[in-house]
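Trainee: Quick one: the structure is below, questions incoming.
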Amino acid sequence: MIWEDLTQYTERKKLSQKGVKEAVEILANGQYSTDDDIARLDTVLLKLDSDVVYLFFTDGRVAAAEDTLERIVKTIDVENSVKAGHIAAAAVALEKAGNRPQASSLLMRFVQTNLPKKLENKSLYEGFHRAMKYGSDSYLFAKLEDWGDLEINLYTRFLVSCAGYLNDSEFGQATEIFCRNNGKNFVWNGGGSAEKKVQKTDEGGHKVAKPSEKAARALDLGELLKLLESKVTAIQAENKSKNEEIRSLNSEKSDLKNTNANLISEVEKLRAQNGDLIEKESDLERKVSKLTGELREVQNALEHNQAKLNNVESAFGQAGQTEIDALKGNIRKRLSSEYEKYTEIKEKKPDLGYYEILLGILEDVFRVLKKNGIAL
């Protein structure tokens, strides 16, 4: 977005029709991808002629960009009473382009921000009067179905006061239509002071005596007070509900705290058990290491005895071979089952349970060797 291109339009107090169209073209072709772009656009819009604002929001390129449009509308400064005409023009344009939710949001923000403290403000009156050129049947005077009673009442009082100040028949008649659309009593009598323009009707629709301006205002303030009391009651009920919800959440928080404490205690117990298991595992490893050493000694002894047997075979020669073979066969037969146990155990992971088994194997081995004349 080239903001410098708009300087020549923002510095003029009044733009020609050509200037308005040129400014709109620049704005409508702009890219507003960041929040800074949106904020700067809204500032520029309020500096330009209100016709630029109107044509910008009715431009098809802008109206079709729903996400961007919603961000633009949310950022518009509604507190500047001098720019009330721009706000009114934007609301009319948004509704005309088919974006009524955005029009409603903008106008409601204007009402909520300005009217409670600036109900009788000439800048606001004149700004809305300028917006009349966009149509007396515009959104400014439509039925506000999605508004609350408080906002409708504030806006009604503003339009009636505005009609009285402007003394404009077109605005007065549009205000009368607005009141009728939104369930309010107002009759435009065409001219005179604000006191003469406001007239109540009874339930049958007949005109009643015109109250003084001061009395009429007092009655409006009474309506406001009733609405405010209703709002206060609703808020109190909501607060009560919220307090109950808070109590429930606090109770749940306390339960969770207790549960957390229990879990922490359980974790500490598991850590202690894990420490014990690690210590037991270390002890088992030491015992298995010791048994492995003893088995190695047995294996060495067997190899030594085998060497002795080989020497005996050599000494006795063929004559003693039969006796030696018988001895070897006997030893092999007696120790085969023990050897099978040993081979099964040595492939397994060291465990304290195998300790007793290995001791039994060693005792059987030594007993067989001793029976066969081999003493260690």
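Trainee: In segment 343-356, which residue that is without any contact (Cβ under 8 Å) to a residue 60 or more places away in the chain and over 16 Å from residue 296 (Cα atoms) is surrounded by the fewest Cβ atoms within 10 Å (Cβ to Cβ)? Break it down stepwise before answering.
Mentor: Narrowing segment 343-356 to residues without any contact (Cβ under 8 Å) to a residue 60 or more places away in the chain: 343-349, 353, 356.
Now restrict to residues that are over 16 Å from residue 296 (Cα atoms): 348-349, 353, 356.
Details: 348: 10, 349: 7, 353: 10, 356: 9.
This residue is 349.
Trainee: To continue, here is another question. Considering only segment 229-287, state which residues are of a type in the set (Ser, Thr, Tyr) and closer than 30 Å to residue 352 by Cβ.
Mentor: As a first pass, look at segment 229-287 and keep what is of a type in the set (Ser, Thr, Tyr): 230, 233, 241, 248, 251, 254, 259, 265, 282.
Selection gives 282 alone.
Trainee: Out of all the residues in segment 112-130, is one or more more than 13 Å from residue 159 (Cβ to Cβ), aromatic (Phe, Trp, Tyr) and touching a Leu at 6+ places or on another chain (Cβ under 9 Å)?
Mentor: no
Trainee: Separate question: In segment 177-192, what count of residues is obtained for those that are in contact with a helix residue (DSSP H, G or I) (Cβ under 8 Å, 6 or more places away or on another chain) and part of a helix (DSSP H, G or I)?
Mentor: 4
Trainee: Follow-up. Which of (1) within 17 Å of residue 95 (Cβ to Cβ); (2) of a type in the set (S, T, N, Q); (3) touching a Phe, Trp or Tyr at 6+ places or on another chain (Cβ under 8 Å) is the odd one out, the single condition residue 50 does not satisfy?
Mentor: With respect to (1) within 17 Å of residue 95 (Cβ to Cβ); (2) of a type in the set (S, T, N, Q); (3) touching a Phe, Trp or Tyr at 6+ places or on another chain (Cβ under 8 Å), residue 50 is out only on (3).
Yes/no per residue for (1) under 27 Å from residue 150 (Cβ atoms); (2) crowded, with 21+ Cβ neighbours inside 10 Å; (3) under 28 Å from the mean Cα position of the chain (by Cα):
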| site | (1), (2), (3) |
| --- | --- |
| 42 | yes, no, yes |
| 62 | no, yes, no |
| 93 | yes, yes, no |
| 103 | yes, yes, yes |
| 114 | yes, yes, no |
| 127 | yes, yes, no |
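Yes/no per residue for (1) in a helix (DSSP H, G or I); (2) closer than 24 Å to residue 187 by Cα; (3) not hydroxyl-bearing (Ser, Thr, Tyr):
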residue	(1), (2), (3)
107	yes, yes, yes
114	yes, no, yes
120	no, yes, yes
151	yes, yes, yes
162	yes, yes, yes
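Trainee: Those residues that are small (Gly, Ala, Ser) and either touching a strand residue (DSSP E or B) at 6+ places or on another chain (Cβ under 9 Å) or in contact (Cβ under 8 Å) with a residue 40 or more places away in the chain (or both), I need them from segment 37-67; list them, please. Don't jump to the end; show me each part of the working.
Mentor: Narrowing segment 37-67 to residues small (Gly, Ala, Ser): 39, 50, 60, 63-65.
Correct list: 50 only.
Trainee: List the pairs whose first member sits in segment 357-369 and is part of a helix (DSSP H, G or I), whose second member is surrounded by 15 or more Cβ atoms within 10 Å (Cβ to Cβ) and of a type in the set (Asp, Glu), and whose Cβ atoms are under 9 Å apart, counting only residues at least 6 apart or on separate chains?
Mentor: Taking only residues 6 or more apart or on different chains, the pairs are 360/338; 361/338; 362/338; 364/338; 365/338; 368/338.
Trainee: For the structure I just gave you, tell me whether residue 128 is assigned to a helix (DSSP H, G or I), hydrophobic (A, V, I, L, M, F, W, C) and farther than 28 Å from residue 232 by Cα. Quick ask: steps written out before the conclusion?
Mentor: Working: assigned to a helix (DSSP H, G or I): yes; hydrophobic (A, V, I, L, M, F, W, C): yes; farther than 28 Å from residue 232 by Cα: yes.
Yes; evaluated as a whole, the condition is true for this residue.
Trainee: Which numbered condition in (1) modelled with pLDDT under 80; (2) surrounded by 10 or more Cβ atoms within 10 Å (Cβ to Cβ) is the only one that residue 300 fails?
Mentor: Looking at each condition in turn, residue 300 falls short on (1).
The values are calculated or read from the model by the stated rules, or taken from the named source; none is laboratory data. Here the structure is a predicted model, which is why all the values come from computation and not from measurement. Note that each Cβ is placed from the backbone with ideal geometry, even for glycine, and that neighbours are counted across all protein chains shown.
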